[in-house]
1. Taking 0.36 nm per intervening residue step and subtracting the Cα-Cα distance, what contour gain separates residue 30 from residue 147 on full extension?
2. Quick check: net charge around residue 67, other residues with Cβ under 15 Å of its Cβ, Lys/Arg +1 and Asp/Glu -1?
3. Rounded to the nearest 20 Debye, what is the dipole magnitude of region 25-192 about its Cα centre when Lys and Arg each give +1 and Asp and Glu each give -1 at the C-beta?
4. Could you please report the charge total around residue 111, scoring K, R as +1 and D, E as -1 over all other residues with beta-carbon less than 15 angstrom from its beta-carbon?
5. Based on the alpha-carbon gyration tensor of region 79-194 and its eigenvalue square roots a ≥ b ≥ c, which shape applies: rounded if a/c is under 1.5, prolate if not and a/b is larger than b/c, or oblate?
6. Rank-order 66-74, 97-105 by packing density, defined as the average count of other C-beta atoms within 10 Å over each peptide's residues, highest first.
7. According to a simple spin-label model (label point 7 Å from Cα along Cα-to-Cβ), what is the distance in nm between residue 49 and residue 160?
8. Using 16 Å as the cut-off for backbone N distance, which residues of region 44-84 belong to the label zone defined by a point 7 Å from the Cα of residue 121 along Cα→Cβ?
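No value in this document is a laboratory result; all are computed from the given coordinates. The shown structure was predicted, so the numbers you read here are calculated from the model rather than taken from an experiment. Neighbour counts are summed over all protein chains in view; Cβ atoms, including those assigned to glycine, are modelled from backbone coordinates with ideal geometry.
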Amino acid sequence: MKRLLLLMALVLATSSAAWAGACTTETLNNYLASGFSCSVGPLLFSNFSYSTVATGGAGQSPATGVKVTPIPNSGGETGFQLNDGWLAGQNQSITATLNFTVTICASSCSLQDWVLLMSGASSGSGSLASVMETNGVGTLTVTSSKTLAGPNSLPAGTHTMSITETIQAIGGSGKGSSGSVSMVKDLFSYTVPEPASLALLGTALFGAGLLLRRRLGGADGTAGQ
């Protein structure tokens, strides 16, 4: 019986995002620590990596300068926001690449869609401010200050996505040309089991426990005593 209770506790403990501490507002370099993961609501974020490539003398925009702000709920969407000055002047460019994984509790939950939002601007011919996200399900590309939403019905059972996000600022060749990205938001919507379903699961586990106890009792001769 003790073994069964231990197994049930393990199942329940691993069925929600409570396995990691809550994400906090801090610089991105703290998220890059080996083995780091954190949760925002039932979403678990992990496997962060970040790199930048700059040309023409543009700043490298290190992870120590990128601020991460968790968003517990924004119009039914949950995720986080990045703030920095990815900035390129005339004949300059900077490309920042962010990778991370998002997981929604256990397999009984599922991701529904995702939203990508940016704030940025470009000036002059050949200049660009953009964010592109790929995640194995689809690709979103946002330019200037816009919002794009992915499919509102992801494949059934989608509860983990590995995401690559490319932030790009390019300054054209003309005098005064520039490109900049100041903010990026990654938001996700999801479904979780209804309270009635959770109650049914609890009842089933309890019943399984009683049945196992009776069988074990019969095996050692204690049944009916």
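1. Length difference between fully extended and current span is 39.4 nm.
2. -2
3. Once rounded to the nearest 20, the dipole reads 280 debye.
4. Local net charge: -4.
5. Prolate.
6. Listed from highest to lowest mean packing, they are 97-105, 66-74.
7. 1.6 nm
8. Flagged as within label range: 84.
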